[in-house]
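Here, each number is a calculation from the coordinates, and none is a lab measurement. No experiment lies behind these values; they were computed from the predicted model shown. Reconstructed Cβ throughout: ideal geometry from the backbone, glycine too, with neighbour counts over all protein chains shown.
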Amino acid sequence: MLPQQFLDRMKGMLGDEYDSFLAAYGQEPFQALRLNALKQRSEGRNAAELSGGAETMGHREGTKVPWAENCYYYEPSAQPGKHPYHQAGVYYIQEPSAMAPAELLEVQPGERVLDLCAAPGGKSTQIAARLRGEGFLLCNEINASRAKILSENVERMGIVNAYVTNETPERLAEVFPEYFDKILVDAPCSGEGMFRKNELACEEWSPENVDMCAKRQDGILDCAARMLRLGGRMVYSTCTFAPAENEGSVSRFLERWPEFETVPIEKEAFGTGNCSGSREYLEKGMHSGEPCPAAAASQSKGLADHDTARDMLCLEDTLRLWPHRIKGEGHFAALLEKPGAPEAGYRRYAANGLVTGVPEKELSEYRMFCQEVFGKKEIPFGQNRKMCYLRFGDNLYMVSDEMPSVKGLKVLRPGLHVGTLKKNRFEPSHGLALALSPDEVLRVWNLCYEENSHSNEEGACRKDGSFDKRVVSAYLKGETFPAEGEKGWYLICVDGFGIGWGKLAVGLMKNHYPRGLRHG
C-alpha cells in the first residue's frame, strides 16, 4: 500500500502520466549486474571483455543497460548471487538506475575520488573499475554495520587503491580540504524510488522523514563542497522522487554555494520522454499538501531570492529517472562543477600528511612469501610505483606511498589487506587472492565450472583442473581435495578467475577459503 500523501503529490507532479507511473508498481522490477573490469582471467582477458552479463554465468547473453558500461540485465531465474563467479568478484549485482550516478562522474585513472555515502558499495566498486588501480578512492559510510558490508564488497571486487572509512562528513572535510578531483554524494534519502523493491522503505515513509532527509542532505553537500578542488566535479544523487530532496537540495545548495554550476547531463541514453528535473516539480511538490515545514520554508525563500531564469536552467540540467519510462527504479542525479583551476604549483593537501610505512625489518616473512608465490620480493601490481606497508596488529596492508595518512580516522580497510604476519611465517589474505591475476602467480590450480567457459583455451582450464562443479562447491564449503604437484601456496581459480588460496602438501590441497564465507 503506497502512502496516500505520496500518491497525491505524485499525481500533481506527473499529471497525465500518473496512471502509467502507478501501473509500474504492478510490474516486476528489473535486475542487472556489472562485469568487473578489474577481474583478470588466466588468459589475460578481463571479465568486462566477455560477451554479456548472463552469458558470463553460463546462461545466455544479457541485454545491455544502455546508460552504463559493462552492465547487463538478467532474468531472476539466473540467480547470479549463487554462482561461484559472484564469490570471485567477476560481477556486482546492482539496480540498473543506481548505475547512472557513478557513470556521470566520468572518473579517469589516476584521479582522487571520494564516495561520501558509499554503502553497500555498488557505486564505489563502479568507480574503482574506472580508476583501473591508479589514483585513490576513499569509500566512506557513517553507519558502522553498513560500512562493514561496504568493506567486504571492496575486498570481493579486488580493489587495491581504496580506503574504507566509517566517518562523519564533517570529520572528513577537516582532513581533506579541496583534496578530491571527483566526489559522489549518493545521499541518504526517503527512498521513494525503491518502493517497488523495498516494502520497508514504503512502511517507513512520512512527510516528516522527507523533511529530515532534505535537511541532512544540505549538511552532507556542504561538506562535499569543502572537499572538492577547483575545477573538480561532483554528482549528487538520490533514489527518491521527493522534490524537496532533489531539485530542492540542488537549488538550496546553489544558493549557499553560488560559485558552483550545474553541468548539463546528456539524457539520450535514458530513452524517450522527459528525463529532466525542473523548477515546476519543485513548485508542485511544495504545494501538494505535504507538510514539510523546514524544507518548504527554506525552499520558498530560495525560490524568491534566486534568479528565476538561472534556476530553471540549472534544474533542467539535472536527471530524473522514472520507473514507467525506463527499465529501472526511480532515481535523481545532478552534476555539479566547482569552476576554476588550481593555482600554479598547487599541491594536494591532506591534514594528516602522507602515509608512513612500517620498517623493512618487519617484512622479512612477507618478502619470503612473495619470493615463493611471485618469484620476486614484491606483489607484481606494485611494481610500477613505490608501495608502503601499514601494520595493524598482525595484519599487513599495502598502499601507494602517495596515499594520505589514516591517522585519526576510523578506518576499516586502509588499502589492500595482503595478509597476516604470524610467528616465522606469513599467511596471505583472501583479499589478496581476489586482487591477483592468475598470470601474476607462479602456481595456479584451476577448476572448471562452466562447460562454455572457454575451457579449451590455453591457460583457461589446465590439465590440473577438471570440469566438475562438485569440486568447486566443495572448495567453497571449505573442503580439501586431492592434488599432485609442487608443495606450497596455490591461487585457486574457477574458470580462470582467482577465488581463493590453497596450500598443497602430500597429495592434498588444503583449503584456505575464509570460514565466514563458506557455503553450507
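Annotations
- Projecting label points 7 angstrom from Cα along Cα→Cβ for E337 and Y25 puts them 3.9 nm apart.
- The alpha-carbon atoms of segment 58-99 define a convex hull whose volume equals 78 cubic angstrom per residue.
- Residue-wise HN-Hα couplings along segment 500-513, as the Karplus relation 6.51 cos²θ - 1.76 cosθ + 1.60 with θ = phi - 60° gives them from phi, are x, 10, x, 10, 8, 7, 6, x, 9, 8, 6, 8, 10, 6 Hz; Gly and Pro carry x.
- Rg and Dmax, both from the Cα atoms of segment 34-114 and both in Å, are 13.0, 39.
- Dipole of the chain computed with +1 at Lys/Arg Cβ and -1 at Asp/Glu Cβ about the Cα centre; of G191, L116, L105, farthest Cα towards the positive end is L116.
- Where labels lie 7 Å past Cα in the beta-carbon direction, separation of Y346 and I93 in nm: 4.2 nm
- Computed from the C-beta positions of L442 and H519 and an R0 of 35 Å, the FRET efficiency is 0.80 to the nearest 0.05.
- Calculated over the chain, the projected area of the Cα convex hull averaged across directions stands at 24.8 nm².
- Label point at E69 placed 7 Å out along Cα→Cβ; residues across segment 86-108 whose backbone nitrogen lies under 20 Å: 89-108
- 23 Å Cα-Cα threshold exceeded, pairs from K39/K338; K377/K423; K477/K503: K39/K338
- Working note: Cα gyration tensor of segment 80-194, eigenvalues times five, square-rooted, sorted largest first, giving semi-axes of 21, 17, 14 Å.
- Listed peptides 210-218, 504-512 by packing density, highest first (mean Cβ within 10 Å): 210-218, 504-512
- If the chain linking E402 and K503 were pulled fully straight, counting 0.36 nm for each residue of separation and taking away their Cα-Cα distance, it would gain 33.0 nm.
- Rg/Rg_globular for segment 1-145, with Rg_globular taken as 2.2 N^0.38 Å and Rg from C-alpha atoms: 1.23
- Percent of C-alpha pairs per 10 Å bin, segment 1-60, short to long: 18, 29, 13, 19, 17, 4
- Difference of contour (0.36 nm per residue) and Cα-Cα distance, L7 to R216: 72.9 nm
- Subtracting the Cα-Cα distance of E204 and D468 from their residue separation scaled by 0.36 nm leaves 90.4 nm.
- Residue pairs, from the table K64/K267; K215/K284; K82/K267; K361/K386, whose Cα atoms sit over 25 Å apart: K82/K267
- Take every pair of alpha-carbon atoms less than 8 Å apart whose residues are at least six positions apart; their mean separation over the length of the chain yields a relative contact order of 15 percent.
- Only Lys, Arg (+1) and Asp, Glu (-1) charged, at Cβ; segment 14-148 dipole about Cα centre in debye: 720 debye
- GluC sites (Glu not before Pro), loop per DSSP, at most 11 other Cβ atoms within 10 Å - longest free stretch of the chain: 1-258
- Dividing the alpha-carbon radius of gyration of segment 159-243 by the rule-of-thumb value 2.2 N^0.38 Å gives 1.25.
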